[in-house]
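As structure tokens, the structure follows; a few thoughts come after it.
The values are calculated or read from the model by the stated rules, or taken from the named source; none is laboratory data. Computed from a predicted structure; not experimentally measured. Heads up, the Cβs are rebuilt from the backbone with ideal geometry, glycines too, and the neighbour counts pull from every protein chain shown. With ligands, DNA and RNA removed, areas are computed over all heavy atoms of the protein, side chains included. Shrake-Rupley method; radii C 1.70, N 1.55, O 1.52, S 1.80 Å.
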Amino acid sequence: MRKNNLTGVFIGRFQPFHLGHLEAVKYALTKVNQLIIVIGSAQYSHTLTNPFTAGERLIMIKLALNEAEINCNKYFIIPVEDVNVHSIWVAHLKSRLPPFNVAFSNEPVTSRLLKEEGIKVEKIPFFNRALYSATEIRKRILKGENWMELVPKSVAQFIKEIKGDERIIELGKSDKI
């Protein structure tokens, strides 16, 4: 794929934003001129699988990309709420975003829905997926294990500042991952 004025979209829940997500953003930016980073399931927060608000996730992403010295003119960060109806999801997504040419996704349902609407989907190389997963990070927080090595330093600091790790532990007392 050539970069000729292409805009891509990368969708995730980013609960939290981790080093694997950062590598995916870097990869996508080698393929496109601008990247729209979509914070999916934006309406959810304060649950064990979705502990952070859309605003907190936006800050995490911005901090991580600043730390990685990625030019802020290369991306947009846009929260998008779920509609929970697959047949209208792509139209909903497109109504909330600037125009884009390609989507970067490894998620099967997301990829299928986008392809059915004629959108080119490119897979993202996995970057040590077993280690870099938000589920693994939340599990480590619950077990009192080292989770900070899995996220950019600025994201770890932010999570500590907002007591996000304490939130996950509290949520874990009444919920399951």
Report task. Kindly provide the set of residues from the stretch 17-55 that are hydrophobic (A, V, I, L, M, F, W, C), within 21 Å of I137 (Cα to Cα) and touching a strand residue (DSSP E or B) at 6+ places or on another chain (Cβ under 6 Å), ordered by number. Result -> I37, V38, I39, A42, A54
Query raised in the report: With G172, G144, G164 as the choices, which residue is over 26 Å from I70 (Cα atoms) and either touching a strand residue (DSSP E or B) at 6+ places or on another chain (Cβ under 7 Å) or surrounded by 15 or more Cβ atoms within 10 Å (Cβ to Cβ) (or both)?
Result: G172
Report summary line: Only unsatisfied item for L48, checking (1) part of a loop (DSSP other than H, G, I, E, B); (2) open to solvent by less than 10 Å² (accessible area, probe 1.4 Å); (3) out of contact with any Gly (no Cβ under 9 Å at 6 or more places or on another chain), is (3)
Report task. Being free of Cβ contacts under 8 Å to residues at least 40 places away in the same chain and acidic (D, E) narrows it down to one of E56, E81, E69, so name that one. Result -> E69
Query raised in the report: Of all residues in the stretch 69-119, how many are touching a strand residue (DSSP E or B) at 6+ places or on another chain (Cβ under 9 Å), of a type in the set (F, W, Y) and either over 20 Å from L29 (Cα atoms) or open to solvent by less than 80 Å² (accessible area, probe 1.4 Å) (or both)?
Result: 3
Query raised in the report: Among the residues of the stretch 120-138, is there at least one that is crowded, with 17+ Cβ neighbours inside 10 Å, in contact with a Lys or Arg (Cβ under 8 Å, 6 or more places away or on another chain) and of a type in the set (A, V, I, L, M)?
Result: yes
Report task. Determine which member of the set F100, F76, F126 is at pLDDT below 95 and farther than 30 Å from S174 by Cβ. Result -> F126
Query raised in the report: If we keep just the residues of the stretch 74-113 that are charged (D, E, K, R) and part of a helix (DSSP H, G or I), which is farthest from K62 (Cα to Cα)?
Result: R112
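Which of the residues that make up the stretch 132-158 are outside any helix (DSSP H, G or I) and touching a residue at least 40 places away in the same chain (Cβ under 8 Å)? Please lay out each step first, then the result.
Of the stretch 132-158, the ones outside any helix (DSSP H, G or I) are 132-133, 144-147, 151-152.
Within the stretch 132-158, Y132, S133, V151, P152 meet the criteria.
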